[in-house]
Structure formats: structure tokens, C-alpha cells
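Enquirer: The structure that follows is given in the form of C-alpha cells.
The values are calculated or read from the model by the stated rules, or taken from the named source; none is laboratory data. Not measured: the values here are computed from a predicted model. Note that we place each Cβ from the backbone using ideal geometry, even for glycine, and neighbour counts take in every protein chain shown.
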Amino acid sequence: MGKNNKKKFQVPDESHLLLPAHPSSTSGQTTPIVDTHTHLVSTFSVYQGKYREGKHASIFEFVKSMYNRPGSHRVEAIVDVCCEAPVQRVWKELADSALTPDGREKDWGGIEYWFVMGAHEAKVYTDDVEKDILEAMTHPRCVGWGEIGLDYHYDNSPRKIQQDVFRRQLRHAVRLGKPLTIHTREAEEDTERILKEEVPRDHRIHIHCYTDSPELAQRLLDHFPNLYIGITGVITCSTNLNTSAVIRNFTSSPSSAMRILLETDAPFMVPSNLYPSLPTLKGKLPLCHTAMIPWTAEFVSGVAGIGWDTEKVMRVGRENARAVYGV
Ligand SMILES: [Zn+2]
């Protein structure tokens, strides 16, 4: 590769991560942001990897400076996802810092920090991992079990093991009454069958970063009245038609509520419609973060069509986050 090609991949200056206000935030009262699925530890580590001389030395500083910008949508709450095995003990430091209003003000700039925990990688699920997750479930800032589920796209663990570990975690979550954060990819039949076998119909469920078929989404929505579909910036990808089809199915029947949750699944899925708002940016941003949610909402409103705008999608997403996670 020549020198010129190299230039193309230069990471833009970190100042571009400080976003301008989304146009909808200038129209009077706006609904605050709730990011229902974000991986803070890995987002921060991507940030540190890309910006070795970066301004922000801790997760707290990163969040306080990036998430709440003057004139922009206020970030009200985040649901952080801890799904590594073995469990990373940093979870407790983050969760404990949010125990009191003073702690949330000091460390999080007033943002409500919540988390879910589960083991995503089935082959490394052990009794010790399970013990750690069960301990985390008793923490007052823990609002769910996840992300867990079947991924036949990557097949990182043998499918039989994926299914066994999925069932095992579902049973605990159901027993504890914890909302579920489910990851499913190209495993439609098995995900549907196992969920229906293990989980009571009225359990609260978040099928996160949904990209599978609209038919599967519909069957799950029909069966589980408290199940919601997670929408990330991946809805803006031109190769992904499924997620938009799910949105259209909601709006095609006037009586059906839009059961979606807005999420970033940070660090990687920058909504592509954000870029026109950053005219001085050359290249692509190397990570996404919670303040990008209004652009995802804007894209959803465009797919939903007549009667929808960014603010209405934000409002629905905010109410649904409360319904699922109580946040
Ligand atoms: Zn995730």
C-alpha cells in the first residue's frame, strides 16, 4: 500500500466525538436519551486504543464529557452490559459508584447508571462465572440478565453448548424475575423454541440489536406481550433490510404499539445518517456512544413514515425502557 492509501484510514481528531445538537433538540422540550444497551468498558477501551493521547483518562470523564452537551438531548440513563466470562470485576466499581444520588452526580454527571450481566460466550461458562453473575444480580443497580443467546453466525461455541448455557441462564433469570437481554443471530428456530419453552409469556424481554427476519420478530412479539425489539445504528446499514421491515410492520397496523428500545450496542455501530451533521469530519468515527441515539431515532421515524418524527420515536423508546427495565 502506498503512502496515500494509508492517509485514508487516519482516525479523525477526538473532538469530532463531541457531537453537535441533533436538529430535533432545538424544538423546545425534548425527550431525554435512555441507551438501553451499551458496553461501556469496551467502548472506553476502543477510545483509549484509538486515542493514545486522548483527553479522557477514565470511563467517568469520557461519559461526562461526551454524553451531555449543551443544547443537546440530555442523557438520562444508560444500561451498561457486562457479558464477559470470566466476569470482569470492574463491574462492581462502576455499579457501586452509582448507588447514591451524590455518587451519580459526581461520577456520572447525574446520569442514571444501570447494568445487566450475563455470559455471552457459552464455552467459557462455568459454575464460578455463574456464581459471580448471581452475586451481581443482587446489586441495586442491576436491572437484568444478559446479553445471552444463540449466535450461529459466528458459532464461537458448539451449538449444543450454546443451547445448554442459554437454557441454564434463562432459568436463573426467570426464577429471579430479572428482565432478559437476548442476543440472537441466524439461530431463529432454536432461539424461538428455547425462549418459548423456558420463559413465561409475561416475562420482560429485550431482543437486542435485532437483525433477523421480520417474521421471527412478529412471532416473538405475538407470543410475549412484554417483549421489545432493540434498534441500534445498524438499522442505517444499506445491507440490513430486516430491521426496517420490523419497524414497518409496527406501523402497518394502526392499533399496534411500537415495541422498540433504542440502544447503541456501543462501541461499533455509528448511525450512518450522523455524518451529514459533521460536515468538517474527514473519514469515519472509530466508535459510537450514547449521544448518537437521536440519529437512530430519526432514521426510525423516516422508516415509520407519516405521523412520526424523531421526538415521537424518542418518547416511545423512553417509555419502553421504563416498561422493560424500570429505568
Ligand atoms: Zn451488546
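Enquirer: When you look at residue 281, is it within 16 Å of the ligand (Cβ to nearest atom), in contact with a helix residue (DSSP H, G or I) (Cβ under 6 Å, 6 or more places away or on another chain) and assigned to a loop (DSSP other than H, G, I, E, B), yes or no?
Expert: Working: within 16 Å of the ligand (Cβ to nearest atom): no; in contact with a helix residue (DSSP H, G or I) (Cβ under 6 Å, 6 or more places away or on another chain): yes; assigned to a loop (DSSP other than H, G, I, E, B): yes.
Criteria not met by residue 281.
Enquirer: Among the residues of the stretch 56-89 satisfying the criterion of being at pLDDT 95 or above and loosely packed, with under 13 Cβ neighbours inside 10 Å, which is farthest from residue 318 (Cα to Cα)?
Expert: Once the filter is applied, the top-ranked residue is 57.
Enquirer: Let me ask something else about it. Out of the residues in the stretch 243-263 meeting the condition of being part of a helix (DSSP H, G or I) and out of contact with any helix residue (DSSP H, G or I) (no Cβ under 6 Å at 6 or more places or on another chain), tell me which one is nearest to residue 300 (Cα to Cα). Quick ask: steps written out before the conclusion?
Expert: So in the stretch 243-263, the residues part of a helix (DSSP H, G or I) come out as 243-252.
Restricting the remaining residues to those that are out of contact with any helix residue (DSSP H, G or I) (no Cβ under 6 Å at 6 or more places or on another chain) gives 248, 250, 252.
Details: 248: 9, 250: 11, 252: 14 Å.
Filtering the stretch 243-263 for residues that are part of a helix (DSSP H, G or I) and out of contact with any helix residue (DSSP H, G or I) (no Cβ under 6 Å at 6 or more places or on another chain), the one nearest to residue 300 (Cα to Cα) comes out as 248.
Enquirer: A follow-up question, please. How about the stretch 20-97: which helices (runs of 4 or more DSSP H) wholly inside it have at least 3 residues that are within 15 Å of the ligand (Cβ to nearest atom)?
Expert: On the way: elements: 40-50, 59-67, 90-97.
Output list reads 40-50.
Enquirer: A follow-up question, please. For the subset of the stretch 162-210 comprising residues that are touching a residue at least 40 places away in the same chain (Cβ under 8 Å) and part of a strand (DSSP E or B), which member is surrounded by the most Cβ atoms within 10 Å (Cβ to Cβ)?
Expert: 181
Enquirer: Among the residues of the stretch 138-152, is any without any contact (Cβ under 8 Å) to a residue 40 or more places away in the chain and touching a Lys or Arg at 6+ places or on another chain (Cβ under 6 Å)? Quick ask: steps written out before the conclusion?
Expert: Kept after step one, since they are without any contact (Cβ under 8 Å) to a residue 40 or more places away in the chain, are these residues of the stretch 138-152: 138, 145, 151-152.
Then keep just the ones that are touching a Lys or Arg at 6+ places or on another chain (Cβ under 6 Å); that gives 145, 151.
Yes, there is a match, as at least one residue in the stretch 138-152 is without any contact (Cβ under 8 Å) to a residue 40 or more places away in the chain and touching a Lys or Arg at 6+ places or on another chain (Cβ under 6 Å).
Enquirer: State whether the residues of the stretch 190-200 include one that is closer than 30 Å to residue 112 by Cα and in contact with an Asp or Glu (Cβ under 9 Å, 6 or more places away or on another chain).
Expert: no
Enquirer: If you scan the stretch 211-242, which residues turn out to be of a type in the set (S, T, N, Q) and either part of a loop (DSSP other than H, G, I, E, B) or within 16 Å of the ligand (Cβ to nearest atom) (or both)?
Expert: Step one: filter the stretch 211-242 for residues of a type in the set (S, T, N, Q), giving 211, 213, 218, 226, 232, 236, 238-240, 242.
211, 213, 226, 232, 238, 239, 240 - these are the residues of the stretch 211-242 that are of a type in the set (S, T, N, Q) and either part of a loop (DSSP other than H, G, I, E, B) or within 16 Å of the ligand (Cβ to nearest atom) (or both).
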